[in-house]
């Protein structure tokens, strides 16, 4: 079993980010009630925020019997959506404007970790879902902070629900 902090540290390592300016716990204390990222870093003279999400596959873990389906109204009709849609949208929007302003954050980075044990076809489907959701979400959202995202394969030890 792995804690989320281990996967976050792995993501920071992959991105080459060290020594955060401020951690998630400190941000939570300072900006109580706001959405906060995992940490803020200086990177080549730029302040960046990072949010990390672990995506374990194309379905949510089972609760009892049957598949878990998530429905959302899309264009006036209730439709079944990919179960990790909210996780992707949350990661992309995790930096609150108050934090961005106070720390002069110019780039917000969302990192999506997927288990390396998944088949290539499953990984490709996950990547397509993330790219589609990110494209739609970022097109509809107006922000002064640039938003980037990365998708990395990661050892299964970083996923506690596999």
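What follows is calculated from the coordinates using simple rules that are stated; it is not laboratory data. Here the structure is a predicted model, which means the values were calculated and not measured. Positions of Cβ are generated from backbone atoms using ideal geometry, with glycine treated the same way; all protein chains shown enter the neighbour counts.
Using the count of nearby Cβ atoms within 10 Å as a rough guide to exposure, how do 101, 129, 108 rank from fewest to most? Don't skip to the answer; put the middle values down first.
On the way: 101 11, 129 19, 108 24.
By the 10 Å Cβ count, ascending: 101, 129, 108.
List the relative contact order of the range 81-162 as a percent without decimals, with contacts defined as Cα pairs under 8 Å and 6+ residues apart.
Working: 72 pairs, mean separation 36.2, N = 82.
RCO, the range 81-162: 44 percent.
Would you order 104, 154 from fewest to most other beta-carbon atoms within 10 Å of each residue's own beta-carbon?
Numbers: 104 10, 154 21.
By the 10 Å Cβ count, ascending: 104, 154.
Which order results if 40, 17 are arranged by neighbouring Cβ count within 10 Å, fewest first? Intermediate values should be presented prior to the final figure.
Working: 40 27, 17 18.
The order, fewest Cβ neighbours first, is 17, 40.
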